[in-house]
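Chemist: Mind looking over this structure? Questions follow.
Every number here is computed from the coordinates shown, using simple stated rules; none is lab data. As the structure is a prediction and not an experimental result, all values here were calculated from the model. Using ideal geometry, Cβ is built from the backbone for each residue, glycine included, and neighbour counts are taken over all protein chains shown.
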Protein chains: 2
Amino acid sequence: MRTPLLLMATIFCQLAATAQVDSLHAYRIQQFHHLALGENYGYQQLVALANDVGPRLAGSEGGAKGVTWSIATMKRLGLDTVFTQEVQVPHWERGAQERGVIWHGKERIAIPTTALGGSVGTPEKGLRGKVVEITDFKQLDLLGEKQLKGKIVFFNIPMNPNFINTGFAYGQAVRQRWAGAIEASKYGAKAVIIRSVTLRQDDNPHTGSMSYAGVKDSIPAAAISTNAANQLSKLLKDNSNIEFELWMACQHHGMVTSHTVIGELRGSVHPEQYLVVGGHLDSWDLGDGSQDDGAGIMHALEVAHLYTKLGIRPKRTLRVVFFQNEEFGLQGGRRYAELADSLNENHYFAIESDMGSGIPRGFSFDTNSERVAKIGKTVGPYFEPYSIYEFKSGGSGADLSPLNKDKILLAGLRPESQRYFDYHHSVLDHISSVHPREFALGAAALASMVYLIDQLDLAD
Amino acid sequence: MRTPLLLMATIFCQLAATAQVDSLHAYRIQQFHHLALGENYGYQQLVALANDVGPRLAGSEGGAKGVTWSIATMKRLGLDTVFTQEVQVPHWERGAQERGVIWHGKERIAIPTTALGGSVGTPEKGLRGKVVEITDFKQLDLLGEKQLKGKIVFFNIPMNPNFINTGFAYGQAVRQRWAGAIEASKYGAKAVIIRSVTLRQDDNPHTGSMSYAGVKDSIPAAAISTNAANQLSKLLKDNSNIEFELWMACQHHGMVTSHTVIGELRGSVHPEQYLVVGGHLDSWDLGDGSQDDGAGIMHALEVAHLYTKLGIRPKRTLRVVFFQNEEFGLQGGRRYAELADSLNENHYFAIESDMGSGIPRGFSFDTNSERVAKIGKTVGPYFEPYSIYEFKSGGSGADLSPLNKDKILLAGLRPESQRYFDYHHSVLDHISSVHPREFALGAAALASMVYLIDQLDLAD
């Protein structure tokens, strides 16, 4: 591409000509975008979080460091109030680097392996067994105890590449991670290994939480990379006697105290009403959690920064919430909702960013589609200059889900999803995966939505 | 992000329920997307082009290799006809790696430097001079010959970060590259160095074509990285005696023969009418040209592949065109238009992909906005399930620009622009910058537009 004349023009100047928009509001939204793109405070803070704190697994030392860093950062930003909510979170430790090995006769193939979050470890000398591949949960019932007892069950259910929104493909494939151990242990399997839940073909295993709900004897559960899953599957086709050996040193250490971190910018008209903008402070431990959910909390912090830097006061009190332990128990989100309820707080609107730093495509609202269509019709023209077109009915975010959606309008930022699961819960979830401008545009979009909902009283 | 229930659903199933779409056409478009995402033939070919051919500067050995590779690849795909159009292109050689040095008193700071395409070299022993920084072309007139003669003019005009479409910011900033030497030489400058035209802050210089139109004595022109430009600017503020020294071995070797490569899939109803889908085969030489414009030609090739693999015949003859030397003279595009005219060919529609491999956001049409609105209204509902919403009046692509837009509907694919200029004309324009799914979605969007224009006779 070479010639400037051939490029499409962006359309700031057309804003004023658009009948449906209030020119002051349109100007504010343009200010949000210019300041976010020009200064990118949120991205600078995300770089600092990644470098100075790094991974923030709830209950870990990094998790605690994340809390201290967040309090200090919010105070430095000059918010009116900064406080915390105490929560009890599990303290699970990965321990020494996991190892996985395929035994192909006497050949030994080292496999990129990671414990799933919450898994028990293996015996110190490891655990070895024949492998049974499962590509559909129904196969477990068909094979039964006779063919599964004492085996290592290998769940190999790829994400479906056909979905345009990769989140939907993730939703279909993630059951193997969440429920694989539960289902396989019913038939006496001695361990499970799963295909990493990602669309990318590479050598990075992806972790994530798993459950033992209703299980008597917990069995170790690990993920292997997508390349390794393909390799193992291929080997099994030729030789059903393939064995897998697994070493995992992970351990549970009970519950420990941690905190959700909250900062407020007092509202000018209805200070008793709250606008929540948040994400989760905790992350997995393989990368530095810049995508999940460093980007989300720094999006939220940038919203407060844009307001303060531009000298704009929200009508309602803006609450920036860094929820604790979304990944591993949702204690922060649950506790926040309990307190909101018991303190009789008046929440007007709550929005979460927890789908990474990609270019913003739209928003979803946890309410009926008629209401969403009405909101979309009002806000759509303000977002068009920024190529944001999607206002859909759907979930908000895990941390907001314990709130009462009948009383509070809940929403989520929806960034482009193509790259998100490439990074998700793996070593690739790292600051290097965050594009500064895409991040800034997400933050500006979030600020714009909060601003419009507040100014135009759209959650009434 | 954890919980699948919270994700927005994609809406394939809603397709049939949408009144404005023909269900066969909607199904074809879904097939295009599924096949592109599932098999990603185009991306596989792009990997092969990057690895087996690499950079393809017109007139170079790589350029010739690109032609041979393209003919073979089109033949292997089983197109009905594969042929070439001969063009004369300049043979410019970069020669040995350029070197740039800031002399800060006796301190010597090595600077990432690249010759601009078409520049003359420096004397073998290099060229050294005081530096005058220019941040606006008007300053040249103000400074005049008195302050510019014998100096090295340093154009330091950053891309404006405020534009959402980065192409527009590029259009504003690229004049320093294109016309910097022309304007500075009027006042007797001995060389120009420019700030690389990118929004990214890094150490990679970006090349690109420059002109000596109307210039009597050609002066060397180079780009330095954005980090280096910031550094040099800062040093100049403290010390106006800063000097820059430059070594460039680039040389012109006259014109050589090269080729545009064309493959056809014969139309079933109007074989005498042409649907052109293309990009340019040539690239700059610093990276491997996977973005500019390897992605574009492989998008185009994927269109033909999707048709053949799905057994769909276009009504009109589909022409996949790999234009030669867009970057450096546009000879391929000009020759194509000349021949179309002299052979009295009936071109119905032509579309180009030359803005990289990003997620497709829409299309621009080189026609009046009423006509575009009409097309958009018809095709919009088919693209909505793929989150494509933009159908705008604007340019098509440089290679198509010599065609007669009063007779032929010209269009361009518009991918997301945030990352494009990070790579553009630099070492980062490399296969590793191409996201396989984003690429596939671009190819499927291109195929869908060609299909709809053809099936619904939208260019009548």
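Chemist: For the stretch B:146-168, how many residues are at the interface with another protein chain (Cβ under 10 Å from one of its Cβ atoms) and either assigned to a loop (DSSP other than H, G, I, E, B) or touching a residue at least 40 places away in the same chain (Cβ under 8 Å) (or both)?
Modeler: Count: 8.
Chemist: Let me ask you something else. Among the numbered criteria (1) surrounded by fewer than 17 Cβ atoms within 10 Å (Cβ to Cβ); (2) over 25 Å from A:Pro112 (Cβ atoms); (3) basic (Lys, Arg), which one does A:Arg316 miss?
Modeler: In the conditions (1) surrounded by fewer than 17 Cβ atoms within 10 Å (Cβ to Cβ); (2) over 25 Å from A:Pro112 (Cβ atoms); (3) basic (Lys, Arg), A:Arg316 misses (1) alone.
Chemist: Still on this structure: Out of the stretch B:355-412, which residues are under 20 Å from B:Arg437 (Cα atoms) and either of a type in the set (A, V, I, L, M, F, W, C) or part of a helix (DSSP H, G or I) (or both)?
Modeler: Across the stretch B:355-412, the qualifying residues are B:Met355, B:Ile359, B:Phe363, B:Tyr382, B:Phe383, B:Glu384, B:Pro385, B:Tyr386, B:Ile388.
Chemist: Pick from the stretch B:364-384 the residues that are touching a helix residue (DSSP H, G or I) at 6+ places or on another chain (Cβ under 6 Å) and under 23 Å from A:Gly362 (Cα atoms): which of them is nearest to the other protein chains (Cβ to nearest Cβ)?
Modeler: Filtering first and then ranking leaves B:Tyr382.
Chemist: Could you tell me whether B:Ala191 is of a type outside the set (Phe, Trp, Tyr), buried (at least 16 other Cβ atoms within 10 Å of the Cβ) and in contact (Cβ under 8 Å) with a residue 60 or more places away in the chain?
Modeler: Spelling it out, B:Ala191 is indeed of a type outside the set (Phe, Trp, Tyr), buried (at least 16 other Cβ atoms within 10 Å of the Cβ) and in contact (Cβ under 8 Å) with a residue 60 or more places away in the chain.
Chemist: With the structure loaded, tell me whether B:Ala50 is small (Gly, Ala, Ser), part of a helix (DSSP H, G or I) and in contact with a helix residue (DSSP H, G or I) (Cβ under 9 Å, 6 or more places away or on another chain) or whether it fails that test.
Modeler: Here the answer is yes, as B:Ala50 does meet what is asked.
Chemist: Oh, and also: Assess whether A:Arg319 counts as being basic (Lys, Arg), assigned to a helix (DSSP H, G or I) and more than 11 Å from chain B (Cβ to nearest Cβ).
Modeler: no
Chemist: Out of the residues in the stretch A:413-451 meeting the condition of being more than 21 Å from B:Phe439 (Cα to Cα) and of a type in the set (Val, Ile, Thr), tell me which one is surrounded by the most Cβ atoms within 10 Å (Cβ to Cβ).
Modeler: Across the stretch A:413-451, the extreme among qualifying residues is A:Val450.
Chemist: Now for a different question. Any idea which residue in the stretch A:175-188 is farthest from the other protein chains (Cβ to nearest Cβ), counting only those that are closer than 30 Å to A:Arg419 by Cβ and surrounded by 24 or more Cβ atoms within 10 Å (Cβ to Cβ)?
Modeler: The qualifying residue farthest from the other protein chains (Cβ to nearest Cβ) is A:Ala181.
Chemist: Determine whether B:Leu281 is over 18 Å from B:Ser401 (Cα atoms) and of a type outside the set (Val, Ile, Thr).
Modeler: Here the answer is no, as B:Leu281 does not meet what is asked.
Chemist: So which of A:Ser218, A:Ser196, A:Ser211 is more than 14 Å from every other protein chain (Cβ to nearest Cβ), touching a residue at least 60 places away in the same chain (Cβ under 8 Å) and surrounded by fewer than 21 Cβ atoms within 10 Å (Cβ to Cβ)?
Modeler: A:Ser218
Chemist: Additional query: For residues in the stretch B:53-82 being of a type in the set (A, V, I, L, M, F, W, C) and in a helix (DSSP H, G or I), which is surrounded by the fewest Cβ atoms within 10 Å (Cβ to Cβ)?
Modeler: Checked the stretch B:53-82; the qualifying residue surrounded by the fewest Cβ atoms within 10 Å (Cβ to Cβ) is B:Ala72.
Chemist: Which members of the stretch A:413-458 meet the condition of being of a type in the set (Ser, Thr, Tyr) and part of a helix (DSSP H, G or I)?
Modeler: A:Tyr420, A:Tyr423, A:Ser432, A:Ser433, A:Ser448, A:Tyr451
Chemist: So, of the residues in the stretch A:391-415 that are more than 7 Å from chain B (Cβ to nearest Cβ) and charged (D, E, K, R), which turns out to be nearest to A:Ser357 (Cα to Cα)?
Modeler: My answer is A:Asp399.
Chemist: Would you check if there is a residue in the stretch B:127-137 being over 12 Å from B:Trp247 (Cβ atoms), of a type in the set (Ser, Thr, Tyr) and touching a residue at least 24 places away in the same chain (Cβ under 8 Å)?
Modeler: no
Chemist: Given B:Ser387, B:Ser432, B:Ser426, which one is under 15 Å from the mean Cα position of the chain (by Cα) and either within 12 Å of chain A (Cβ to nearest Cβ) or more than 30 Å from A:Lys392 (Cα to Cα) (or both)?
Modeler: Exactly one residue qualifies, and that residue is B:Ser426.
Chemist: State whether the residues of the stretch B:103-114 include one that is under 20 Å from the mean Cα position of the chain (by Cα) and under 21 Å from B:Glu243 (Cα atoms).
Modeler: yes
Chemist: To continue, here is another question. Which is within 14 Å of another protein chain (Cβ to nearest Cβ) and over 30 Å from A:Leu458 (Cβ atoms), of A:Ala58, A:Ala96?
Modeler: A:Ala58
Chemist: Kindly state which strands (runs of 3 or more DSSP E) lie completely within the stretch B:221-310 and contain at least 2 residues that are of a type in the set (Val, Ile, Thr).
Modeler: Fully inside the stretch B:221-310 and qualifying: B:251-265, B:270-280.
Chemist: If you don't mind, another one. Is it fair to say B:Lys392 is of a type in the set (Lys, Arg), without any contact (Cβ under 8 Å) to a residue 24 or more places away in the chain and surrounded by fewer than 19 Cβ atoms within 10 Å (Cβ to Cβ)?
Modeler: no
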